[in-house]
Amino acid sequence: MDGDLVKWDEANVHILTHTLHYGCGVFEGIRAYETAEGPGVFRLTEHIDRLFNSAKIFMIDIPFSRSHLVDAVKQTVAANNMSSCYIRPLVYLGYGEMGLNTLPCPVRVAVAVWPWGAYLGEEGIEKGVRVKISSWQRHDPNSMPPAAKGTGMYINSSMAKAEALKGGYDEAVLLSPQGYVSECTGENIFVVRRDQVLTPPVSAGALEGITQDSVMTIARDLGVEVGYGNILRSDLYVAEEAFLSGSAAEVVPIASVD
Ligand code: PPE
């Protein structure tokens, strides 16, 4: 936290932490995987770059350099002696001044790590997940910036997730205000049709996923036609295959839609 290693039980914040009240903060979700040379953090630099972009969009000045935060992640993983783990860098506005003006708030940075298994369950990976089109819409880009991974933006995801789970589904698919498929609550979505692989762009309200980019790179390497494109709800119904991607979820097949 803010440059020091802090014991789990002592990693606390004040009740008047600004981000707790107003949701203005940015974060990342990263995984470290077991390798022969110890834990390897997957695409760490890209995640830290996206964290800085998110902060820039919200006008939050991170009081550390990119390389400092890259080191902080590596040190936190090493200090916790885990061969693989999930990593959560969080930039938040601390206790200082209340009220909606974020500019006077102290900017605080923490990196937490914990073991996190299959995000959508082992069964999800093996059999695929059942998804539902949410009755909640994804953010309008002029009300919440989809390119930013902002803490408060996830209220939208959490409502869609709870609705889908209560309805007996595993995950929700959100549509943009324009009616295009945007993404899932914490994952990007891909649709396969006529040997073409498509995934929604940021303009449809999707986060520019790093796993999404890895999937596209691997597809291209395999000679598969892949690209960003607008997808309609009906494209999901007639798709030959569909899947979702994310750091926490990894790559998970979609078994059914609605
Ligand atoms: N869309 C959203 C809305 C999203 O939250 C994520 C990651 C993605 C797409 C995929 O992006 P990437 O991880 O770069 O491939 N969601 C993170 C948070 C999950 C959570 O429950 O917390 C994650 O996967 O770490």
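Which residues' amide hydrogens lie under 5 Å from the amide hydrogen of L232, considering only partners 5 or more residues apart or on another chain, with H built in the peptide plane?
Long-range HN contacts for L232: V181.
Work out from phi, with θ = phi - 60° and the Karplus expression 6.51 cos²θ - 1.76 cosθ + 1.60, the ³J(HN,Hα) of each residue of segment 7-18, listed in order in whole Hz, and give x for Gly and Pro.
Here the 3J(HN,Hα) series is 4, 3, 6, 9, 7, 10, 10, 6, 5, 8, 4, 3 Hz.
Using the alpha-carbon atoms, what tilt in degrees (0 to 90, nearest 10) does helix 44-57 show relative to the longest principal axis of the chain?
The helix 44-57 is inclined about 80 degrees to the chain.
Could you give each residue of segment 231-237 its phi-based ³J(HN,Hα) in whole Hz, using Karplus coefficients 6.51, -1.76, 1.60 with θ = phi - 60°, and x for Gly or Pro?
So the Karplus estimates, Gly and Pro as x, are 10, 9, 3, 5, 4, 5, 5 Hz.
Using the Karplus equation 6.51 cos²θ - 1.76 cosθ + 1.60 (θ = phi - 60°), what ³J(HN,Hα) coupling, rounded to whole Hz, does each residue of segment 158-169 give in order, writing x for Gly and Pro?
Karplus-based 3J(HN,Hα) across segment 158-169 equals 5, 5, 5, 5, 4, 4, 5, 5, 5, x, x, 9 Hz.
Over 19 Å between Cα atoms, which of K56/K149; K7/K74; K7/K56 qualify? Before the final figure, lay out each step's value.
Numbers: K56/K149 11 Å; K7/K74 16 Å; K7/K56 30 Å.
Listed pairs above 19 Å: K7/K56.
Rounding to the nearest 10 and keeping the result within 0 to 90°, find how far the Cα-based axis of helix 66-79 lies from the longest principal axis of the chain.
Long axis of 66-79 versus the principal axis of the chain: about 90 degrees.
Below 17 Å, Cα to Cα, which lysines can K132 reach? Residues fewer than 8 away in the same chain don't count.
K161, K166
Would you mind checking which residues have amide H under 5 Å from I60's amide H? H placed 1.01 Å from N; only 5 or more apart, or other chain.
Amide H neighbours of I60, under 5 Å, 5+ apart: none.
Which of G117, G99, G229 moves the most in a Gaussian network model of the chain with Cα springs under 10 Å?
Between G117, G99, G229, it is G99 that shows the largest mean-square fluctuation.
Based on the Cα gyration tensor of the chain, what are the three equivalent ellipsoid semi-axes, each the root of five times an eigenvalue, rounded to whole Å and given largest first?
Here the semi-axes work out to 31, 22, 17 Å.
What longest range of the chain stays clear of loop-exposed GluC sites (Glu not before Pro) (DSSP non-H/G/I/E/B, at most 14 other C-beta within 10 angstrom)?
Between the exposed loop sites, the longest stretch runs 98-239.
Please work out the Cα center distance from segment 184-253 to segment 1-77, rounded to the nearest Å.
Cα centroid of segment 184-253 versus Cα centroid of segment 1-77: 26 Å apart.
Skipping prolines and chain starts, which residues have an amide H placed within reach, meaning under 5 Å, of the one on I254, given they are 5 or more residues away or on another chain?
Amide H neighbours of I254, under 5 Å, 5+ apart: V129, A242, F243, L244.
Considering only DSSP beta bridges whose two residues both sit in the chain, what percent are antiparallel, to the nearest 5?
Details: 35 of 46 bridges.
Counting only bridges with both partners in the chain, antiparallel ones make up about 75 percent.
No value in this document is a laboratory result; all are computed from the given coordinates. Here the structure is a predicted model, which means the values were calculated and not measured. With ideal geometry, Cβ positions are generated from the backbone for all residues, glycine too; neighbour counts draw on all protein chains shown.
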